[in-house]
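The values are calculated or read from the model by the stated rules, or taken from the named source; none is laboratory data. Note that the coordinates shown come from a computational prediction; the quantities given were computed from them, not determined experimentally. Ideal geometry is used to build each Cβ from the backbone, glycine not excepted, and the neighbour counts take in all protein chains shown. To get the accessible areas, we keep the full protein, side chains included, count just its heavy atoms, and leave off ligands, DNA and RNA. Shrake-Rupley method; radii C 1.70, N 1.55, O 1.52, S 1.80 Å.
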Amino acid sequence: MRGMGPLVALVAKDVKQLLRDPRSLTMVLFMPLAVMAMFVAGYGEERSEVPIVVVNLDRGSISWQLVESLRSSGTFKIVAYAATVEEGTELVRKGVAYAAVVIPEGFSDSVLTGQSTRIVTVLDAAYATVSELVWQSAVIATQAFMKKASELYGTFYIDVERQTVYGPKVSSVDSFTSTIMGVLLHLVPMSLIAVSISRERERKTFEQLIMAPVSSWHIVFGKFIAYALVTVADMVVTMAFAVYALGVQVRGPLPALLAVSLLMLLCSLGMGLLISAASRNQLQAYQAAIFVFIPSMLFSGFFMPVELLSPTARLVSRVLPLYYFLKAFRNIQLRGWTLADVSQECAALALETAIFLAAAVRVLRLKVE
Amino acid sequence: MALAIEAVNLVKEFGGFRAVDGVNLRVEEGVIFGLLGPNGAGKSTTIRMILGLLKPTSGYVRVFGIDVERNRREVLRITGYMPQHFSLYEDLTVEENMRLYASLFGLKGGEAEERIRELMDEFVLWEFRNRLAGKLSGGMKQRLALAVALLHRPKLLVVDEPTAGVDPPLRRYFWEKFRELKRRGVTILVTTHYMDEAENCDRIALMSRGRVAAEGTPLQIKRLAFGGDLVELVVEGDPRPALDGYGARLVEFEGDGSYSRIRLLVPDASEALVPLTKMLEQRGVKVVRAYPLPVSLEDAFIRLTTGR
Ligand SMILES: Nc1ncnc2c1ncn2[C@@H]1O[C@H](COP(=O)(O)OP(=O)(O)OP(=O)(O)O)[C@@H](O)[C@H]1O
Ligand SMILES: [Mg+2]
């Protein structure tokens, strides 16, 4: 077994080095636990119900039984009753509900006379996963209703028809663009800038730098602006590639999409700077950046719309920049909204950026310890 | 004389370990002050506290009367620092590093240009101005570091082991620079492990295990280490009986019967030599030669820091 001596020595050395960085070690051990806990808190509890609108044009008692059956399915939360199909569709278009269920005039009569009839679900194609869920649940609820009602009223048949707004169909490339942009605009700039100050500390250049009469304000904003200038170019190129080379469709104005992306980029940089100001070495900073990214991924609507997560998770999402970004980006890209329509999300992003930067300036200490 | 640096009861603890343990320093304006001591004595830590790079666990520092913890930026404007380890941007060129620091210190366009050019000429950096700092040789890095420390014409220059790893001609050049700066009124705080350099200091503080073990001029330090000056005499015969009862301690004796060479410890060599010779002659000992014996600071240093 030639060469085992050095191998053992190297293994021993690396184990020691790992054990001697307690902060990183805690992070490594704690991270999987924390992530699992977050996951269970967000996804394990009974999930929230999908907001829908009911347009009951029939108003007969049997139609209300169908509505009741939808409600008790556990999937839906009826957030509004609309008087007309147009009104219902508009609520879906505005994002108040993910779907409108339309019960036609004469529905009760059809059931009583044993004729076949149909209800219509107007789905929000911009959220493919949700609309699929709504559709399937609507079919199941309707079948349950049919089974129960046929015992009372004799056989009849209800067909469930599917219509979309922002449709007819959103390709998966289109619906994943926001997710990909979210990862790129969050993780990349954040981890890049997170190590920037600790790198100066490790290379000792920080010791010389803080001998010049600069304030932490100068250092934080110096880094912020420099990294913004460099990463903005990256962002524009990525977006252009998506739109022009991959043919990703954008229903809303492209400048609005760029503006939202820019805000997200700046916010990520601010967040990364706060991590940078607070951490002592590059490894710590890097781990912290990844650690911060995980809740963002779980709770910002990355995998599933936040509305479908548990109430706790929804609360958490409200502090995550990525939540506002994904919402604004999807609404512009898939629903064709304008910048004015997503001004709230933009304001939230800008506010968070300001908070992160101010905190970074405060946290950064001009000392070498 | 105004005080350039006044450090009072400085203590720095890292974890439970006291790296600096109650250091008091008073550096007068316009002097070259040497901070000596073995590795780990706490020199760099003391310097970092003086510059406000580390917050003292207790104690305080004033630089030209300005409290460092409270008004650090004011102190920085009049202070230049060359750290023990090269701390400029290795991925920037010589010129870019100089320009950066010129701007940070508020030097404006033409003024900055002129100052950079001046320092580049002075420290022979001009021909390397487009080289990345990381690609410079050790000596060039030190020259660049010193040039950057002097950009804003500081009143106080703090240099931590400026000549470590530097060849003899450049070491000499550095010390010529320090003396020139001193003539222009700049106060210099310097650490070094070279005792020949330390002889050039006006005053020295000798640190050991976080404390100041001795402080004074190089001469005073040597006297302190040996308990006085050494003088050497060559005499005829054996002078030892004649020395009995005289206030000088015999530290070395070497005789071959006809001549002897002796070393004596006296409080002050220049004052002691004449009376000593006279006394011996009076007692019938013929003195062939008598001279003060130069002791090296190195001997003193080792004596004081190791207690031998
Ligand atoms: N950041 C720190 N954390 C913990 N211990 C430290 C730190 N900085 C210095 N020390 C310790 O403090 C002591 C003094 O270190 P310092 O660097 O001041 O010594 P020095 O006199 O400059 O030595 P040298 O001549 O080798 O440069 C050493 O024992 C060192 O290990
Ligand atoms: Mg040192």
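With the other protein chains left in place, how much accessible area per residue, in square angstrom, belongs to chain A at a 1.4 angstrom probe?
47
How large is ³J(HN,Hα), in whole Hz, for each residue of region B:264-278 in order, when computed from phi with the Karplus curve 6.51 cos²θ - 1.76 cosθ + 1.60 and θ = phi - 60°, using x for Gly and Pro?
Along region B:264-278, the couplings run 10, 9, 10, x, 8, 4, 5, 7, 7, 4, 5, x, 5, 4, 4 Hz.
Please build a GNM for chain B, connecting alpha carbons under 10 Å apart, and tell me which residue among B:PRO267, B:PRO292, B:PRO169 fluctuates the most.
Highest fluctuation of the listed residues: B:PRO169.
Decide, for region B:191-255, between rounded, prolate and oblate: order the square roots of the alpha carbon gyration tensor eigenvalues as a ≥ b ≥ c, take rounded if a/c falls under 1.5, and otherwise choose prolate if a/b is larger than b/c, else oblate.
prolate
How large is the convex hull of the C-alpha atoms of region A:265-341 per residue, in Å³?
It is 105 Å³ per residue.
How large is the Kirkwood hydrodynamic radius of region A:50-153, counting all unique pairs of alpha carbons, in Å?
13.6
Among A:ARG59, A:ARG335, A:ARG20, whose mean-square fluctuation peaks in a Gaussian network model of chain A (Cα, cutoff 10 Å)?
Residue with maximal mean-square fluctuation among A:ARG59, A:ARG335, A:ARG20: A:ARG20.
Setting aside same-chain residues fewer than 8 positions from B:LYS12, which aspartates and glutamates have a Cα under 19 Å from its Cα?
Straight-line reach from B:LYS12, under 19 Å: A:GLU207, A:GLU369, B:ASP21, B:ASP67, B:GLU69, B:ASP160.
Could you work out how far helix A:128-153 tilts from the main Cα principal axis of chain A, as a 0 to 90 degree angle to the nearest 10?
Computed tilt is about 30 degrees.
Of the residues B:ARG283, B:ARG99, B:ARG73, which exhibits the maximal mean-square fluctuation in a Gaussian network model of chain B defined by a 10 Å Cα contact cut-off?
The residue that fluctuates most here is B:ARG283.
Let me know the Kirkwood hydrodynamic radius for chain A, please, with Cα pairs as the basis and the value in Å to one decimal.
Hydrodynamic radius (Kirkwood, Cα pairs) of chain A is 23.7 Å.
Using only the Cα atoms of region B:124-217, what semi-axes does the equivalent ellipsoid have when each is the square root of 5 times a gyration tensor eigenvalue? Give whole Å, largest first.
Three semi-axes, in Å: 26, 16, 12.
Based solely on its DSSP helices, what 222 nm [θ] is calculated for chain A when runs of n ≥ 4 H residues each add -39,500 (n - 2.57) and the sum is averaged over all residues, nearest 500 deg cm²/dmol?
Using -39500 (n - 2.57) per qualifying helix, the result is -20500 deg cm²/dmol.
Region B:227-306: percent of C-alpha pairs farther apart than 20 Å?
29
With the convex hull built on the Cα atoms of region B:3-223, state its orientation-averaged projected area in nm².
11.9
Enter the buried accessible area of the A/B pair, total of both sides, probe 1.4 Å, in Å² rounded to the nearest 100.
In total, this chain pair buries about 2000 Å².
I need the phi-derived Karplus couplings for region B:148-163: 6.51 cos²θ - 1.76 cosθ + 1.60, θ = phi - 60°, integer Hz, Gly and Pro marked x.
5, 5, 9, 3, 9, 6, x, 7, 10, 10, 10, 10, 9, 6, x, 10
For A:ALA82, enumerate residues with amide H under 5 Å from its amide H, sequence gap 5+ or separate chain, H modeled in the peptide plane.
So A:ALA82 has HN proximity to A:VAL54, A:VAL55, A:ASN56.
Could you check the simple spin-label distance between A:LYS77 and A:TRP217, using points 7 Å along Cα→Cβ, in nm with one decimal?
4.4
Mean 1/r over all different Cα pairs, inverted: what Kirkwood radius does region A:182-244 give, in Å?
About 13.3 Å, per the Kirkwood formula over Cα pairs.
Bin by bin, in steps of 10 Å, what percent of the Cα pairs in region A:225-369 do you find, going until the bin that has the longest distance?
Reading the bins upward from 0: 11, 35, 37, 15, 3, 0.
Can you send over the carbon and sulfur percentage of the accessible area for the protein assembly as shown, probe radius 1.4 Å, protein chains only?
C and S fraction of accessible area: 57 percent.
With only alpha-carbon atoms in the gyration tensor, what are the semi-axes of the equivalent ellipsoid for the protein assembly as shown, in Å, largest first?
83, 26, 19
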